[in-house]
Amino acid sequence: MASEERRQLVRYLFLKLDPAWRRLDAGEQQTHKQQFGNAIKDFRARLLLRTYSLVGTRGDADLMFWQAAEDLETLQALETALFSTALGGYLDIAYSFLAMTRKSSYEFPDTPENQNVVQPADCSYLFVYPFVKTRTWYRLPFEERQEAMEEHVTIGRKYPGVRINTTFSFGLDDQEFMVAFEGDDPAEFLELVMELRSSKASAYTERDTPTFTCLQMSIWDALDSLGGAPASADEGEGHGDVRAPSHGQFTPVATVRDVEPGESKRVYLGSDAIALFNVGGEFHAVNDRCTHGRASLSEGTVHSNSETCVLECPWHGGKFDLANGTPLSGPVRVPIKTYQVKIAGGMILVRSVS
Ligand code: FES
């Protein structure tokens, strides 16, 4: 049975940037972003990690990392790694919420069989809050609570664009639950929350604040949302010749040694973030942002054989033809922009095709 799958520890980590960081010089800001982003990337294989920005939605937090891991030690190791970076010296923990996956105590038709593993959808926004019920609620007969929760779920199903993720915090953290709704339309979520206010279960809410509206994006876009110099290519590694491109000109973006066969790298051409790939000695360059969501395609996987070269998006498995950007399968519908690449003097140069 799938529900036998091991439960996960879930953490919502909210970070606030010290504005003093914005007064550093551009080179330092770029290096800090690159180092911090790479620290995040190093943990991709160890836990589920979604990155969000709250710039423009909250005053007391700038970044949020939604994490789901098999053990507490992994969550701790990630935080230690992040705070060991130079940017970590400028980040405060604004909020931290710990929870765990668990099957719901109530029975509902059509609920996913496996509630022990966090399986995020592909939505643009995440609405998160800690949740505490009154003790009176727990003294109600189970049948009464089941009935109230059925009403709750029935209201929720009127808003199919909103998807709920509930995890349990009893004894692990101050709240009882962490509630996280995924959606693409803030207005739809607002209507849902307003309608839920009149439900019976809502009368037993003790606390459901603070509430966070988070925008999902790649770690690079999230870092750039903080302001400062963009998270450009590494400084001081021999490609100080990286400069703003002249229109239609080939522009150096990295050295050949920066991208070994089988590797990829995120670089910049002016304000365009570009994913560079070395596939068996042949270089490809495409726009770094997936046309489906905000995934960073430089973190994607390349599948190649003698005839095709396919780039798979790291978030939802959308596939593109790496040579011409055509969407091939999965949720992707819009082609990704491609760039011409040439090698000269040990440098990788790219130029916009159109
Ligand atoms: Fe969804 Fe790339 S972000 S397939």
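Compute the Cα gyration tensor for region 30-71, then decide on rounded, prolate or oblate, letting a ≥ b ≥ c be the square roots of its eigenvalues: rounded whenever a/c is under 1.5, prolate when a/b is larger than b/c in the other cases, and oblate in all that remain. Oblate is the answer for region 30-71, as a/c is 1.5 or above yet b/c matches or exceeds a/b. Note: relative contact order over region 34-189, using C-alpha pairs below 8 Å and six or more positions apart, is 22 percent.
By other beta-carbon atoms within 10 Å, ranking His303, His316, His32 with the fewest at the front produces His303, His316, His32. Remark: Leu15, Leu223, Leu215 ranked as Leu215, Leu15, Leu223, counting other beta-carbon atoms within 10 Å and listing the fewest first. Amide H contacts of Asn165 (H built 1.01 Å from N, in plane; Pro and chain starts excluded): Ala180, Phe181, Glu182 sit under 5 Å, all sequence-distant by 5 or more or on other chains.
Give the longest segment of the chain that steers clear of GluC sites (Glu not before Pro) in DSSP loops with at most 10 neighbouring Cβ atoms within 10 Å, not counting the sites themselves. Result for the longest clean stretch: 114-306. Restricting the trypsin sites (Lys or Arg not before Pro) of region 102-170 to loop positions (DSSP other than H, G, I, E, B) with no more than 11 neighbouring Cβ atoms within 10 Å leaves Arg157, Lys158.
Each Lys and Arg contributes +1 and each Asp and Glu -1, all at the Cβ; summed about the Cα centre of the chain, the dipole is approximately 380 debye.
Ranking Thr255, Thr308, Gly161 by Cα position along the charge dipole of the chain, where only Lys, Arg, Asp and Glu carry charges on their C-beta atoms, puts Thr255 farthest toward the positive end. Mind running the shape call on region 267-343? Use the C-alpha gyration tensor, a ≥ b ≥ c as the square roots of the eigenvalues: rounded below 1.5 for a/c, prolate if a/b tops b/c, oblate otherwise. Oblate shape, in that a/c is at least 1.5 and b/c is the bigger or equal ratio. Would you please calculate the Kirkwood hydrodynamic radius of region 37-178 over all C-alpha pairs and express it in Å, rounded to one decimal? It works out to 17.5 Å. The relative contact order of the chain comes to 16 percent, based on Cα pairs under 8 Å that sit 6 or more residues apart.
Calculated on the alpha-carbon coordinates, the convex hull of region 1-109 measures out at 127 cubic angstrom per residue.
Helix 142-156 and the longest principal axis of the C-alpha atoms of the chain enclose an angle of approximately 40°. Over all distinct Cα-Cα pairs of the chain, the Kirkwood formula returns a hydrodynamic radius of 22.2 Å.
Against the chain, whose longest principal axis comes from its Cα atoms, helix 26-41 is set at around 60 degrees.
Listed from fewest to most Cβ neighbours within 10 Å, the set Ser96, Ser225 follows the order Ser96, Ser225. Let me have the relative contact order for region 141-233, percent, based on Cα pairs under 8 Å that are six or more residues apart. Once normalised by length, the contact order is 25 percent.
Rounded to the nearest 10 degrees, the angle from helix 72-83 to the longest Cα principal axis of the chain is 50 degrees.
Computed from backbone phi with θ = phi - 60° and the Karplus coefficients 6.51, -1.76 and 1.60, the 3J(HN,Hα) list for region 180-196 is 9, 9, 9, x, 10, 9, x, 5, 5, 5, 4, 4, 4, 5, 4, 5, 5 Hz; x is used for glycine and proline. Extension gain for Asp25 to Val353 (0.36 nm times residue separation, less C-alpha to C-alpha distance): 114.8 nm.
Read-outs: derived from the displayed coordinates by stated rules, not from any lab. Everything numeric here is computed off the predicted structure, so don't read it as measured data. Heads up, the Cβs are rebuilt from the backbone with ideal geometry, glycines too, and the neighbour counts pull from every protein chain shown.
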